[in-house]
Amino acid sequence: MTLARDSDIAIVTIDHPPVNALSQAVRAALVAAIEEAVADDEVRAIVLMGSGRAFSAGADIREFDLAPQPPHLVDIVQRIEDAPKPVIAALHGDVLGGGCELALGCHYRVAAPGTQAGLPEVSLGLLPGSGGTQRMPRLVGFETALEMMLDGRPRPVAAAELTGFVDEIAGGDLRASTLAFARNILAADATPRRTRSLPLLAANPEVFARHAEAVAKRRGEPAPTRIVAAVKRATEMNFGEAVARARADFLALRDSPESRALRHVFFAERDATRWPTGLTPGTARSIERVAVIGAGTMGQGIAIALLDAGLAVTLVEAAEPALARAKERIAAHYDAAVEKKRIDGDQRDAVLARLSGSTALDAIADAGCVIEAVFEDIAVKRKVFEEVDRIAKRSALLATNTSYLDVAEIAAFTKRRKDVVGLHFFSPANVMRLVEVIRTDASSSDTLASALALVKCMRKLGVVCKGKDGFVGNRMLAQRTRECLFMLEEGALPQEIDAALESFGFALGPFAVSDLAGIDIGWRNAILRRQLIEVGRRHCDLLDQMVAAKRLGQKTGAGWFRYEAGSRKARPDPAVEALLIDHSRKAGIERRTVAPTEIVERALLAMINEAARILDEGVVSRASDVDVVWLTGYGFPRFRGGPLYYADQLGLPQVLARIESLAERLGAEYWTPAPLLQRLAQAGQGFHSARPAR
Ligand code: 3H9
């Protein structure tokens, strides 16, 4: 924190890299600086700004696990608002959460162009606890304030909806512009304009009712409901009382399991981007052009993601009609973006000018990276990689988008195994954030660094893993699928399994997802897995039956559910129930009711037990990486923190005991507890106990 003077104006600068989080020490220094400036008779106005890349990203999230330490932000904001001299916030970069509340407590706000303001507390299972629920509506109205607090998204301060938030967008240098603004205020003899005293726009009760209805659908998240209630209090009670109530709600939410889980997610996502422990750091090569081999749905999605990242893309597909179709679809994607006004026509043309296509593999020769996205068949991959090895330039990063095959085996098709990694994108590849970055023992550190830099440049989250057979995500998914299929043949219906897992918090149940993706996709992967792993004793051929009956999911209007023409709504299908009853009878299984608790337990524990093996084998270097894969790639509810965080909350002795009891009831074949789970449970530890200190 620094306190400087420009003639009769004091300049208080928060200086706590990297993002000026408002830790206890920062808060204490801030109060002291404000008090000093207020007490100084020569100071007539105060400018509050932040150094570095942000005004402030808000409260220090690392402190939320500790008891609240004074001075509390809510009191500091009040102190600033009560100051007898004008306080002007000079905003730049991120102005988030408590940082935004600090700005709201100032009497005026000047912002640099490009500043982003937001109240993202909801993403951490919280509500704004330092007066933001009462001050933001007074500046931008109830509708915008509620939207900001409920979606948590930062918005550019120049956006029309934030007009009331900023008094001026700085034309040039922020400090100079804010000082000039302050002098105008002083020249006009303007008194402090306190946000709390601004009139509230008449609130339309419909606004609260509509938002209350929308948040009721956010199952398992207590914060959104409390946000709507807190903002509504602005119309029901006096300002001080409403701020105190919001502060109490904030403290209660801070201690809730959902907020703890969401804080875990915040740090887990950042930890995932750290270099894996124990590996020599590498240097990323610069990559400007990427060749994508295979122009199917996945190849197209990867190409769009690369184009969006500003890279040049060469799309290679064996047959001309398929290549033409892929290019048309990519162009249609950008046409739609123009229609939705996300980009303009010139931007679309500029993006498409970076895309070229060829039916000849020779076109990959000048690419800095080659991503193979062809059919999931080792013989096909072999052919492609032998050719790639011959044609690609020596410095190129070579990647396969395989979702199950052994990347080391694919790398061995080349004479440059050190340059090969797996880049497992998730469909649709231009939307999904997760990429499993698969290294082999032969991949060099520079190769890994290059792959991670490429993923980061695509604004995706790369989780480094090793291995084969589904890596992290699909390997755990296979276990969950197995257990869900077993439960179908024991008596559950797809809609019952989906409902149980949706109540747990998944946006879509596994059978609705399977219908969406295409049952044949899961079936093909299952066949592949049968070749890769030892087939267990209990085998269920329900997937084969669905494919044989041409029930492939939404695309055929019938899968685990039925779909009416033009509708994506999954409706229970008596034909599926009949198929299951017949199947169980033939398999000699007496059908019974499978309770929702059993469904959730078996689905989750099957995944957790496999994750323990994944961790033990060193497929990932941190337990939190497993969480990140499921949170970002498979719709695991964020407020549950991820599968291994969830396991830790259950307590590993309990997880172990339940798995042992399932082994007794259902057989040890699929329910033998993973050795790591046994070791940790016996040692009284959790999966995350070994989390690196920050
Ligand atoms: C709040 O304010 C409550 C109030 O209503 C009331 C209180 C009473 N605290 O993300 P990055 C670290 S709740 C602690 O990699 P980017 C982060 O861990 C808070 N640390 O960079 C990382 O550390 P490391 C509401 C924080 O450029 C480093 O900074 N605020 C915090 O991609 C760089 O971060 C939020 O929810 C923090 N608040 O993104 C904002 N913020 O280098 C949360 C960041 O060791 N933050 N760090 O890995 C963000 O959204 C992004 O970090 C931000 C920068 C957009 C700021």
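The values are calculated or read from the model by the stated rules, or taken from the named source; none is laboratory data. On a predicted model such as this, the values are computed, not experimentally measured, just so you know. Because the Cβ atoms are built from the backbone with ideal geometry, glycine has one as well, and the counts that use them run over all protein chains shown.
Quick check on residue 550: is it without any contact (Cβ under 8 Å) to a residue 12 or more places away in the chain and within 26 Å of the chain's Cα centre (by Cα)? Spelling it out, it is not the case that residue 550 is without any contact (Cβ under 8 Å) to a residue 12 or more places away in the chain and within 26 Å of the chain's Cα centre (by Cα).
Being closer than 26 Å to residue 85 by Cβ and not β-branched (Val, Ile, Thr) holds for only one residue in 210, 135, 155, and it is 135. Of all residues in segment 79-94, how many are within 15 Å of the ligand (Cβ to nearest atom), closer than 26 Å to residue 151 by Cβ and either among the polar types (S, T, N, Q) or buried (at least 23 other Cβ atoms within 10 Å of the Cβ) (or both)? The qualifying residues number 3. Taking the listed residues 215, 166, 157, 140, the one that is modelled with pLDDT of 95 or more, buried (at least 18 other Cβ atoms within 10 Å of the Cβ) and touching a Ser or Thr at 6+ places or on another chain (Cβ under 6 Å) is 157, with no other qualifying. Looking across segment 101-124, the residues that are within 21 Å of residue 24 (Cα to Cα) and either near the ligand (Cβ under 8 Å from one of its atoms) or within 22 Å of the chain's Cα centre (by Cα) (or both) come down to 101, 119, 120, 121, 124. Selection of first residues in segment 97-119 that are acidic (Asp, Glu) and of second residues that are at pLDDT 95 or above and assigned to a loop (DSSP other than H, G, I, E, B), restricted to Cβ pairs under 9 Å at least 6 apart or on distinct chains, gives the following pairs, ordered by first then second residue: 101/58; 101/119; 101/128; 101/129; 101/130; 101/131.
Put simply, of 376, 387, 436 the only residue that is among the charged types (D, E, K, R), touching a residue at least 24 places away in the same chain (Cβ under 8 Å) and buried (at least 20 other Cβ atoms within 10 Å of the Cβ) is 436.
Residues checked against (1) among the charged types (D, E, K, R); (2) near the ligand (Cβ under 10 Å from one of its atoms):
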{"position": "45", "(1), (2)": "no, no"}
{"position": "51", "(1), (2)": "no, no"}
{"position": "54", "(1), (2)": "no, yes"}
{"position": "59", "(1), (2)": "no, yes"}
{"position": "77", "(1), (2)": "no, yes"}
{"position": "96", "(1), (2)": "no, yes"}
{"position": "127", "(1), (2)": "no, yes"}
{"position": "138", "(1), (2)": "yes, no"}
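If you go through segment 246-282 and keep only what is away from the ligand (no atom under 12 Å from the Cβ), of a type in the set (Ser, Thr, Tyr) and at pLDDT below 95, you end up with 277, 280. Residue 476 falls short of the stated requirement of being at pLDDT 90 or above, surrounded by 18 or more Cβ atoms within 10 Å (Cβ to Cβ) and over 17 Å from residue 603 (Cα atoms). Of all the residues in segment 569-589, those that are part of a helix (DSSP H, G or I) and touching a Phe, Trp or Tyr at 6+ places or on another chain (Cβ under 7 Å) number 1. Checking the stated criteria, residue 594 turns out not to satisfy the condition of being at pLDDT 95 or above, of a type in the set (A, V, I, L, M, F, W, C) and touching a Leu at 6+ places or on another chain (Cβ under 6 Å). Scan segment 166-224 for residues that are assigned to a loop (DSSP other than H, G, I, E, B) and hydrophobic (A, V, I, L, M, F, W, C) and the total you get is 9. Right, residue 143: in contact (Cβ under 8 Å) with a residue 12 or more places away in the chain, assigned to a helix (DSSP H, G or I) and either within 14 Å of the ligand (Cβ to nearest atom) or over 29 Å from the mean Cα position of the chain (by Cα) (or both) or not? Here the answer is no, as residue 143 does not meet what is asked.
The set of residues in segment 491-517 that are part of a loop (DSSP other than H, G, I, E, B), over 24 Å from the mean Cα position of the chain (by Cα) and either among the charged types (D, E, K, R) or modelled with pLDDT under 95 (or both) is empty. So in segment 61-72, with the set limited to residues that are near the ligand (Cβ under 7 Å from one of its atoms) and closer than 16 Å to residue 16 by Cα, which one is surrounded by the most Cβ atoms within 10 Å (Cβ to Cβ)? Going through the qualifying residues, I end up with 61. Screening residue 161 on (1) within 30 Å of residue 252 (Cβ to Cβ); (2) in contact (Cβ under 8 Å) with a residue 40 or more places away in the chain; (3) more than 12 Å from the ligand (Cβ to nearest atom) shows it passes everything except condition (2).
Can you find, within segment 125-157, the residue that is nearest to residue 192 (Cα to Cα) among those that are in contact with a Gly (Cβ under 8 Å, 6 or more places away or on another chain) and aliphatic (A, V, I, L, M)? Result: 139.
Only strands (runs of 3 or more DSSP E) whose full extent lies in segment 245-360 are considered here, and the ones with at least 1 residues that are buried (at least 20 other Cβ atoms within 10 Å of the Cβ) and in contact with an Asp or Glu (Cβ under 6 Å, 6 or more places away or on another chain) are 289-293. A count restricted to segment 489-513 and to residues that are closer than 18 Å to residue 479 by Cβ and out of contact with any Pro (no Cβ under 9 Å at 6 or more places or on another chain) stands at 4.
Of the numbered criteria (1) of a type outside the set (Asp, Glu); (2) surrounded by fewer than 17 Cβ atoms within 10 Å (Cβ to Cβ); (3) in contact (Cβ under 8 Å) with a residue 60 or more places away in the chain, the one residue 179 fails is (2). Yes or no: residue 630 in a loop (DSSP other than H, G, I, E, B), in contact (Cβ under 8 Å) with a residue 12 or more places away in the chain and either closer than 22 Å to residue 473 by Cβ or β-branched (Val, Ile, Thr) (or both)? Spelling it out, it is not the case that residue 630 is in a loop (DSSP other than H, G, I, E, B), in contact (Cβ under 8 Å) with a residue 12 or more places away in the chain and either closer than 22 Å to residue 473 by Cβ or β-branched (Val, Ile, Thr) (or both).
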